[in-house]
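Q: Below: one structure in structure tokens.
The values are calculated or read from the model by the stated rules, or taken from the named source; none is laboratory data. Note that this is a predicted model, so its numbers are computed, not measured. Neighbour counts run over all protein chains shown; Cβ positions are idealised from the backbone, glycine included. Protein only, heavy atoms only, side chains kept; ligands, DNA and RNA dropped before computing areas. Shrake-Rupley method; radii C 1.70, N 1.55, O 1.52, S 1.80 Å.
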Amino acid sequence: MLPKPLLGCLLLLGLAACTTAGPVPGTVEYAAATLSRGYDCGLRVDRGRIIARLGKQERASFLAVNASYAVKSYKAPHACGSLERERVQGELAALSR
């Protein structure tokens, strides 16, 4: 059995790893996060095209998740560098196809 302080540290490290991971690619959450990041980076985002590619049930989920990202982004906007801007632009293009 591990001592309690060590066990507590391991638990905190595990929780930190869980909270720093972003949405999984291919999910509605990932699409919403990428769309939000595109707005943060000042990119032109074709939201309608991305939504059109989703199924009916996914659309409702996407709109709810996207709204929560929009609120977070509005409260704490994040700048992005040129490399991140290019990466997000590529991801948005892939989501629009």
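Q: Over 12 Å from the mean Cα position of the chain (by Cα) and either modelled with pLDDT of 50 or more or not in a loop (DSSP other than H, G, I, E, B) (or both): which single residue out of 12, 2, 35 fits that description? Step through it out loud before you land on a result.
A: Numbers: 2 fails: either modelled with pLDDT of 50 or more or not in a loop (DSSP other than H, G, I, E, B) (or both); 35 fails: over 12 Å from the mean Cα position of the chain (by Cα).
Answer to the selection: 12.
Q: Go through region 17-32 and give me each residue that's surrounded by 10 or more Cβ atoms within 10 Å (Cβ to Cβ) and at pLDDT below 90. Walk me through it before giving the result.
A: First, the residues of region 17-32 that are surrounded by 10 or more Cβ atoms within 10 Å (Cβ to Cβ): 22-23, 25, 27-32.
Correct list: 22 only.
Q: Search region 45-70 for residues that are polar (S, T, N, Q) and pair each with any residue that is open to solvent by 50 Å² or more (accessible area, probe 1.4 Å) when their beta-carbon atoms are under 9 Å apart and the residues are at least 6 apart or on different chains.
A: From region 45-70, the pairs are 61/29; 66/47.
Q: Looking at (1) modelled with pLDDT of 85 or more; (2) loosely packed, with under 12 Cβ neighbours inside 10 Å, which one does residue 84 not meet, given that it meets all the others?
A: In the conditions (1) modelled with pLDDT of 85 or more; (2) loosely packed, with under 12 Cβ neighbours inside 10 Å, residue 84 misses (2) alone.
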